[in-house]
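**Student:** Sharing a structure below in structure tokens format, with a few things to ask.
The values are calculated or read from the model by the stated rules, or taken from the named source; none is laboratory data. On a predicted model such as this, the values are computed, not experimentally measured, just so you know. Methodologically, a virtual Cβ is constructed for each residue, glycine included, from the backbone with ideal geometry; neighbour enumeration extends over all protein chains shown. To get the accessible areas, we keep the full protein, side chains included, count just its heavy atoms, and leave off ligands, DNA and RNA. Shrake-Rupley method; radii C 1.70, N 1.55, O 1.52, S 1.80 Å.
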Amino acid sequence: MRFALFVLCYLILLIALFNFFTIRIPRNKAAVSTPVTVLLPVRNEQANVGPCVAGLMAQKDVKQLQVIIINDQSTDNTAEVLKAAIGADSRFSVIEADGPREGWLGKVSALHTGFARSTGEVIICLDADVRLEADAIARAVNQLQALSLDFVSPYPRQIAGTFSEKLIQPLLHWSWMSTVILRLAEKVPHRSTAVSNGQFFLIRAKALTAIDGFTSVSAKILDDVELARSLITAGFSGVVTEGSGISHTRMYTNFDEIRQGYGKSLHKAFGGALGAIVASVFIAATGLAPLLLILQGYFIGWIAFFCIALTRALSAIRSRSNPLYALLHPLSAALLLYLIAYSWAKRGSIQWKGRTV
């Protein structure tokens with residue numbers, strides 16, 4: 001059993017090492033002539049829409065840019081902030097949505113509404129809390145074109161301020177960098193290896209049209225990953241890429257927000273109860289078991305811990321976060337297990353943006 005744990009941790013390290021050196025990074029800053037449409041759904045985002053719009057206005061080398069902002073029944077000052085931020089820029093338009101379609105989740109319904117008005121050949125789904133570098137869209141579109149893919153998801157740098165954020169947020173990047181061989185997933189697409197992030201997600205309009213927009217994920221809490229799976233099922237291909245150099249976001253600012261945010265989605269993250277059990281066993285085996293072996297005096301526990309800590313450090317270096325938190329991986333794993341349990345206990349009752357999810 002101890003040897004099996006070592007083998008598991010060693011395999012994870014090999015995957016992380018391979019991805020560290022081969023992950024796609026958007027570098028080409030050349031001007032983009034392809035028409036691009038950004039879909040920006042917002043609900044009660046008065047603190048975020050101003051900086052987000054400013055980042056979009058500052059985009060360089062995108063000759064044909066359309067930005068569609070879908071205001072989904074915001075009850076704060078989002079509409080007023082948007083009006084002031086956009087000014088007379090004709091590239092921007094705001095749609096006042098009437099709420100989600102029956103049976104749809106709000107964000108997905110808003111994206112579908114925006115897509116119906118889009119004219120671009122490349123569609124970008126963007127979250128309001130994402131901040132783009134001035135060349136982010138040009139580099140991301142160039143990457144999509146150069147790889148001849150149907151979608152790419154440049155993973156933004158996840159900013160963490162509080163201690164709880166620093167324990168949990170790096171796990172987002174680590175979870176796929178240490179388990180999915182990205183070049184293989186790119187060349188041989190499969191639903192089980194689909195990785196994407198709806199915070200910054202580029203899709204060819206023809207591919208999105210072929211799957212009837214966002215219809216297939218109308219009621220999916222994890223709409224980004226499910227959308228990638230729908231695209232792959234329809235014969236399209238894509239991959240997650242390293243977007244920490246062109247974008248960043250701070251999803252949560254305290255532990256209560258983390259608990260609510262993860263609580264609304266983690267029970268859906270692994271495909272059901274069995275998947276959640278398997279994931280929990282994996283997290284415990286790679287996060288807690290090495291520490292238990294160390295406490296029992298087994299040297300192999302140190303080897304297993306070194307392997308996992310190194311995967312965390314590699315992920316941190318790539319995603320521009322602090323690699324020292326790799327040493328606290330057992331604590332991160334314990335906190336994630338708590339959040340999974342919390343999500344299952346509270347499923348269907350958590351309030352997010354004023355709506356129950």
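Residues checked against (1) touching a residue at least 60 places away in the same chain (Cβ under 8 Å); (2) surrounded by 20 or more Cβ atoms within 10 Å (Cβ to Cβ); (3) out of contact with any Leu (no Cβ under 7 Å at 6 or more places or on another chain):
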| position | (1), (2), (3) |
| --- | --- |
| Lys206 | yes, no, yes |
| Thr209 | no, no, yes |
| Leu222 | no, no, yes |
| Glu226 | no, yes, yes |
| Arg229 | no, yes, yes |
| Ala234 | no, no, yes |
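Conditions tested, residue by residue: (1) touching a helix residue (DSSP H, G or I) at 6+ places or on another chain (Cβ under 9 Å); (2) at pLDDT below 95.
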position	(1), (2)
Lys29	yes, yes
Thr37	yes, no
Gln64	no, no
Ala85	yes, no
Ser90	no, no
Ala97	yes, yes
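**Student:** So which of Val239, Val278, Val225 is within 29 Å of Ile137 (Cβ to Cβ) and in a helix (DSSP H, G or I)?
**Tutor:** Matching residue, one of Val239, Val278, Val225: Val225.
**Student:** Pick from Ala134, Ala138: which is open to solvent by 20 Å² or more (accessible area, probe 1.4 Å) and modelled with pLDDT of 95 or more?
**Tutor:** Every option except Ala134 fails the conditions.
**Student:** So, one more: Could you please find all residues in segment 102-131 being open to solvent by 40 Å² or more (accessible area, probe 1.4 Å) and either of a type outside the set (A, V, I, L, M) or more than 20 Å from the chain's Cα centre (by Cα) (or both)?
**Tutor:** Once the filter is applied, which keeps residues that are open to solvent by 40 Å² or more (accessible area, probe 1.4 Å) and either of a type outside the set (A, V, I, L, M) or more than 20 Å from the chain's Cα centre (by Cα) (or both), segment 102-131 yields Glu102, Gly103, Trp104, Lys107, Ala116, Arg117, Thr119, Glu121, Arg131.
**Student:** Now, a different point. Scan Leu331, Leu295, Leu310, Leu327 and give me the residue that is over 29 Å from Asp256 (Cβ atoms), aliphatic (A, V, I, L, M) and open to solvent by 80 Å² or more (accessible area, probe 1.4 Å).
**Tutor:** Result: Leu295 is the single residue among Leu331, Leu295, Leu310, Leu327 that is over 29 Å from Asp256 (Cβ atoms), aliphatic (A, V, I, L, M) and open to solvent by 80 Å² or more (accessible area, probe 1.4 Å).
**Student:** If you take the residues of segment 192-222 that are of a type in the set (A, V, I, L, M) and in a helix (DSSP H, G or I), which of them is farthest from Gln145 (Cα to Cα)?
**Tutor:** Ranking the candidates gives Val217 first.
**Student:** Still on this structure, please answer the following. Considering each residue of segment 315-325, count those that are out of contact with any Phe, Trp or Tyr (no Cβ under 8 Å at 6 or more places or on another chain), within 12 Å of Lys166 (Cβ to Cβ) and touching a residue at least 24 places away in the same chain (Cβ under 8 Å), and give that number.
**Tutor:** Summing the residues that are out of contact with any Phe, Trp or Tyr (no Cβ under 8 Å at 6 or more places or on another chain), within 12 Å of Lys166 (Cβ to Cβ) and touching a residue at least 24 places away in the same chain (Cβ under 8 Å) in segment 315-325 gives 3.
**Student:** Being more than 11 Å from Thr37 (Cβ to Cβ) and part of a loop (DSSP other than H, G, I, E, B) is the filter here; which residues of segment 111-141 pass it?
**Tutor:** If the condition is that a residue be more than 11 Å from Thr37 (Cβ to Cβ) and part of a loop (DSSP other than H, G, I, E, B), then Asp127, Ala128, Asp129, Glu133, Ala134, Asp135 are the ones that fit.
**Student:** When you look at Ala79, is it part of a helix (DSSP H, G or I), open to solvent by less than 60 Å² (accessible area, probe 1.4 Å) and farther than 17 Å from Gly243 by Cβ, yes or no?
**Tutor:** yes
**Student:** Quick one: would you say Lys166 is surrounded by fewer than 24 Cβ atoms within 10 Å (Cβ to Cβ), in contact (Cβ under 8 Å) with a residue 12 or more places away in the chain, within 22 Å of Ile308 (Cβ to Cβ) and of a type in the set (Lys, Arg)?
**Tutor:** Against the criterion (surrounded by fewer than 24 Cβ atoms within 10 Å (Cβ to Cβ), in contact (Cβ under 8 Å) with a residue 12 or more places away in the chain, within 22 Å of Ile308 (Cβ to Cβ) and of a type in the set (Lys, Arg)), Lys166 qualifies.
**Student:** Checking the condition more than 21 Å from Phe282 (Cα to Cα), open to solvent by less than 20 Å² (accessible area, probe 1.4 Å) and under 21 Å from the mean Cα position of the chain (by Cα), which residue from Ser343, Ser319, Ser315 passes?
**Tutor:** Answer to the selection: Ser319.
**Student:** Of all residues in segment 326-355, how many are of a type in the set (Phe, Trp, Tyr) and without any contact (Cβ under 8 Å) to a residue 24 or more places away in the chain?
**Tutor:** 1
**Student:** I'd like to verify a number: residues in segment 238-252 that are under 17 Å from Val188 (Cβ atoms) and surrounded by fewer than 20 Cβ atoms within 10 Å (Cβ to Cβ), how many?
**Tutor:** 0
**Student:** Pick out the one residue from Ala16, Ala30, Ala58 that is small (Gly, Ala, Ser), out of contact with any Gly (no Cβ under 6 Å at 6 or more places or on another chain) and open to solvent by less than 20 Å² (accessible area, probe 1.4 Å).
**Tutor:** So the residue among Ala16, Ala30, Ala58 that is small (Gly, Ala, Ser), out of contact with any Gly (no Cβ under 6 Å at 6 or more places or on another chain) and open to solvent by less than 20 Å² (accessible area, probe 1.4 Å) is Ala16.
Per-residue answers, yes or no, for (1) open to solvent by 20 Å² or more (accessible area, probe 1.4 Å); (2) more than 15 Å from Leu132 (Cβ to Cβ); (3) part of a strand (DSSP E or B):
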residue	(1), (2), (3)
Val53	no, no, no
Val67	no, no, yes
Asp89	yes, yes, no
Glu96	yes, yes, yes
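**Student:** Take Leu144 and tell me if it is under 26 Å from Thr22 (Cβ atoms), in a loop (DSSP other than H, G, I, E, B), touching a Gly at 6+ places or on another chain (Cβ under 9 Å) and at pLDDT 95 or above.
**Tutor:** So Leu144 fails the test.
**Student:** Right, next: Any residue at all in segment 98-110 that is within 20 Å of Arg229 (Cα to Cα), assigned to a helix (DSSP H, G or I) and of a type in the set (Ser, Thr, Tyr)?
**Tutor:** yes
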